[in-house]
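Asker: The structure that follows is given in the form of structure tokens.
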Amino acid sequence: MITKERIIRPFRIGLGHLSERNIILVLSLIVGSVSAFAAILLKNAVFYTHQLLKNAFPENEFNLLYLAFPIIGITLTVLIIKFFIKDDLSHGVTKILYAIGRKNGKIKPHHTYSSLITSTLTVGFGGSVGLEAPIALTGSAIGSNLGNFFHLSTKNLVLLTACGSSAAVAAIFNAPIAGMLFAIEILMLDMTTAALVPLLLSVVTATSLSYLFLGKDVMFNQIPPDLDFSMGNMGFYVILGVLTGLISVYFVRTQDWVGRMANRFFPKPAWRIVIAGGLLSALIFVFPTFFGEGYDMLADIMDGNGQVVFSNSPLYMLKFNPVTLILFLVALLLLKPFATAFTNAAGGIGGVFAPSLFVGGITGFILITFCNTFFGLELSVINFTLAGMAGVMGSIMKAPLMAIFLIAEISGGYQLLIPLILCAVVSYLIFYSFEKYSVYTKPLAKQGDLITHDKNKQALTQLHVTECIENDFATISPNATLGELTHVIEHSSRNIFPLVDENRIFYGIVILDDVRQLMFHPENYALHIDEYAFIPSPSIDPEESMFSVVQKFESSGNYNLPVVDKEGRYHGFISRANVYTKYREFIEEVSED
């Protein structure tokens, strides 16, 4: 009988003659391929779920099923998580950052499929979130678990984790450069040559497979921007940058506020589904464009069909004119962040990629509609809609480069780079004058777990107290005499002597300099050494973080600190020099090119 072990072993042997660097290259291709198929599967699953439900939504009239579908999808999601997954799946990209910073890139195996299933139900049934964060977590889990299977070093495990998420993002958008920049700007991956090549292999492989199975028109049917944008219009892109920056602040704070209110007033999942899910359904009932990701509406807007925003809404009977259109668009702009927040608060699984593009596109469309209507201008709807997307996404994710190249790639319009850069940079500056953290890093910063964006802190996180303990300090009983201590000193190379009883309980230390003069007078040998002992402060707990240890060294000025657990048992000493030596060794290891 062929066992699992017999299948795995030949494959391991087949890679056994390769160096770890070459193994990474092979694995990056595999991770890119598997992540791409996961993205293709997710995209198709949501598409066909939409198609099954679409018959329930007749054109040009509203339907009460808008109230039911989102709640059904979120309820199914919550039940699957509670009874089968039994783990928290929310905040996909935040989980990747936490895994890289705190878990050495290790992600639980169920994330290779759990986010696929739950986000399909959430978004397929109308949840107003995106698929990109769940697929990024899925790709990261694929890379992490494959790297863990081959027992890769921490540095390469983190690299393969980043390859998986970048490949998934590249595949779902058909945008390889944006996928690579996702790893650089959001995951804060150190871009050495050793990291760049596997990352490029992953995103190119994923994009090629996405192109093969989904076609090149994954997003917006490759609507090209207008070629005739003028440098004289740059001022309008600055205005758009200011608007998108302010809207980005509003978006992030709305997500944070709704999440806090849900945790405070509705801790039970059932109540969250009823209250937050009900509010979401009500919004979708009035504004059906909130159903799902919202990319179709943006494509229709850029195709010149602005009336699509009224489709299936009970407000469709409003007389269509520029004023009602602008008012309706402003309502969409202000309420979309709530629709996204309600989806997540109710227990749905999804991200903010799609909502940020939706909000940014609407912002650009509002500005262009206002200027063209009331000032008789002929500014490009496509250009400003695309620039608005780059502005909001680049700000709330703290990834302006990724946003710029993503929009250029999905629209096929690199000729729009200058306006995209201008809008994204202005928006970024406005946003970060109000908010210090991105939508992904804010939860981690509140918990003190934002490690990836602080390389010194990240390095210290990888070190553990037990790795730095030195045990060559000669101990002595707290009841010993000076004569006994003299014999201990004779065979020790240290000048610190811990007082420890037979149960390893720590009573303090004696320093050689404090008894040096007494040692040369034998008449003092009967003295008890506890008279010269003291308990040094501070001490270190074996479970303490190395970041805290470094802070204690800096605040105390000591060069050696004792390690004593909560029961008072002595474990050894940690020296300042040893900590910094191990810190340098770690930095050299992860920076090796």
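The values are calculated or read from the model by the stated rules, or taken from the named source; none is laboratory data. The structure presented is a predicted model; accordingly, all values stated were derived computationally and were not measured. Ideal geometry is used to build each Cβ from the backbone, glycine not excepted, and the neighbour counts take in all protein chains shown. Only protein heavy atoms, including side chains, enter the accessible area calculation; ligands, DNA and RNA are left aside. Shrake-Rupley method; radii C 1.70, N 1.55, O 1.52, S 1.80 Å.
Asker: Which value results when the Cα radius of gyration for region 502-574 is divided by 2.2 N^0.38 Å? Walk me through the numbers on the way to the answer.
Answerer: Details: Rg = 14.9 Å, N = 73, 2.2 N^0.38 = 11.2 Å.
Compactness ratio reported: 1.32.
Asker: Which whole-number value in Å³ per residue fits the convex hull of the alpha carbons of region 292-442? Provide the component values of the computation, followed by the final result.
Answerer: Numbers: hull volume 18.3 nm³, N = 151.
Taking the convex hull of the Cα positions in region 292-442, it is 121 Å³ per residue.
Asker: Whole Å is fine, so just give me how far the alpha carbon centre of region 317-381 lies from that of region 255-296.
Answerer: 18 Å
Asker: What's the whole-number percent of alpha carbon pairs in region 16-166 lying beyond 23 angstrom?
Answerer: Numbers: 4756 of 11325 pairs.
Summing the P(r) of region 16-166 above 23 Å gives 42 percent of all pairs.
Asker: Does anything in region 147-177 have its amide N under 12 Å from the 7 Å Cα→Cβ label point of E467, and if so which residues?
Answerer: Counting backbone N atoms under 12 Å from the label point, the list is 154-155.
Asker: Another question about this same structure. I want to check the label-to-label distance for K82 and Q307. Put each point 7 Å from Cα in the C-beta direction and report it in nm to one decimal.
Answerer: Calculated label separation equals 4.5 nm.
Asker: Mind pulling the angle between the C-alpha long axis of helix 65-80 and the longest principal axis of the chain? Nearest 10 degrees, somewhere in 0 to 90.
Answerer: Helix 65-80 and the main axis of the chain meet at about 20 degrees.
Asker: Evaluate E = 1/(1 + (r/R0)^6) for H491 and D256, where r is the Cβ-Cβ distance and R0 equals 60 Å; express this FRET efficiency to the nearest 0.05.
Answerer: Details: r = 61 Å, r/R0 = 1.02.
Taking R0 as 60 Å, the efficiency between H491 and D256 is 0.45.
Asker: Right, next: Please state, as a whole number in µm²/s, the translational diffusion coefficient that the Stokes-Einstein equation yields for region 359-434 at 25 °C and 0.890 mPa s, with Rh defined as the Kirkwood radius across alpha carbon pairs. Mind dumping the intermediate values first?
Answerer: Values: Rh = 12.2 Å.
Stokes-Einstein gives a translational diffusion coefficient of 201 µm²/s.
Asker: Sticking with this one: Probe of 1.4 angstrom, ligands and nucleic acids ignored: what's the accessible area per residue over the chain, in square angstrom? Write out the running numbers ahead of the final one.
Answerer: Details: 25880 Å² over 593 residues.
Accessible surface, normalised per residue, equals 44 Å².
Asker: Still on this structure: Nearest 5 percent is fine: what portion of the DSSP beta bridges confined to the chain is antiparallel?
Answerer: Values: 16 of 18 bridges.
Roughly 90 percent of the beta bridges in the chain run antiparallel, per DSSP.
Asker: To continue, here is another question. On average over all directions, what projected area in square nanometres does region 77-170 have, based on the convex hull of its Cα atoms?
Answerer: On the way: hull surface 22.7 nm².
Projected area, direction-averaged: 5.7 nm².
Asker: I've got another one for you. Say R0 is 25 Å: what FRET efficiency, to the nearest 0.05, do Y525 and A474 get from their beta-carbon distance? Mind showing how you got there, number by number?
Answerer: Details: r = 18 Å, r/R0 = 0.70.
Step by step, r from the Cβ atoms, then E = 0.90.
Asker: Still on this structure: What's the percent breakdown of Cα-Cα distances in region 319-407 across 10 Å bins, shortest bin first?
Answerer: That works out to 17, 42, 30, 10, 1, in percent per bin.
Asker: Let me ask something else about it. Run the accessible area of the chain with a 1.4 Å probe and give the carbon-and-sulfur part as a rounded percent.
Answerer: Working: 15830 of 25880 Å².
Answer for the chain is 61 percent, counting heavy atoms of protein chains only.
Asker: So, R0 is 56 Å and r is the distance between the beta-carbons of V286 and F149; what FRET efficiency does that work out to, to 0.05?
Answerer: On the way: r = 49 Å, r/R0 = 0.88.
After rounding, the FRET efficiency stands at 0.70.
Asker: If you don't mind, there's one more thing I want to ask. Over the Cα atoms of region 68-119, Rg to Rh with Kirkwood Rh, two decimal places?
Answerer: Working: Rg = 12.5 Å, Rh = 12.0 Å.
Here the Rg-to-Rh quotient is 1.04.
Asker: What length, rounded to one decimal in nm, is gained on full extension from K436 through to L327, with 0.36 nm per residue of separation minus their alpha-carbon distance? Numbers along the way, then the final one.
Answerer: On the way: separation 109, 0.36 × 109 = 39.24 nm, distance 3.13 nm.
Taking K436 through L327 to full extension adds about 36.1 nm, to one decimal.
Asker: Please list, by residue number, every one of the chymotrypsin sites (Phe, Trp or Tyr not before Pro) in region 251-346 that is coil in DSSP and has at most 16 other beta-carbon atoms within 10 Å. Walk me through the numbers before you get to the answer.
Answerer: Numbers: sites: F251, W257, F265, W271, F285, F290, F291, Y295, F310, Y316, F320, F328, F338, F342; in loops: F291, Y316, F320.
Filter output for region 251-346: Y316, F320.
Asker: Give me the percent relative contact order of the chain, please, defined on Cα pairs under 8 angstrom at least 6 residues apart.
Answerer: Values: 1079 pairs, mean separation 94.9, N = 593.
Relative contact order for the chain comes out at 16 percent.
Asker: Work out how much length E567 to T581 would gain on full extension: take 0.36 nm times their residue separation and subtract the Cα-Cα distance, in nm to one decimal. Write down the numbers at each step before the final one.
Answerer: On the way: separation 14, 0.36 × 14 = 5.04 nm, distance 2.93 nm.
Full extension of this stretch gives 2.1 nm more.
Asker: May I have the pair-distance distribution P(r) for region 232-341, computed from all Cα-Cα distances with 5 Å bins from 0 and rounded to whole percent?
Answerer: Bins of 5 Å from zero give 2, 10, 16, 19, 19, 14, 10, 5, 2, 1, 0, 0 percent of pairs.
Asker: In whole Å and largest first, what semi-axes does the C-alpha gyration tensor of the chain yield when each eigenvalue is scaled by 5 and square-rooted? Could you put the intermediate results ahead of the total?
Answerer: Working: eigenvalues 634, 135, 114 Å².
Equivalent ellipsoid semi-axes, largest first: 56, 26, 24 Å.
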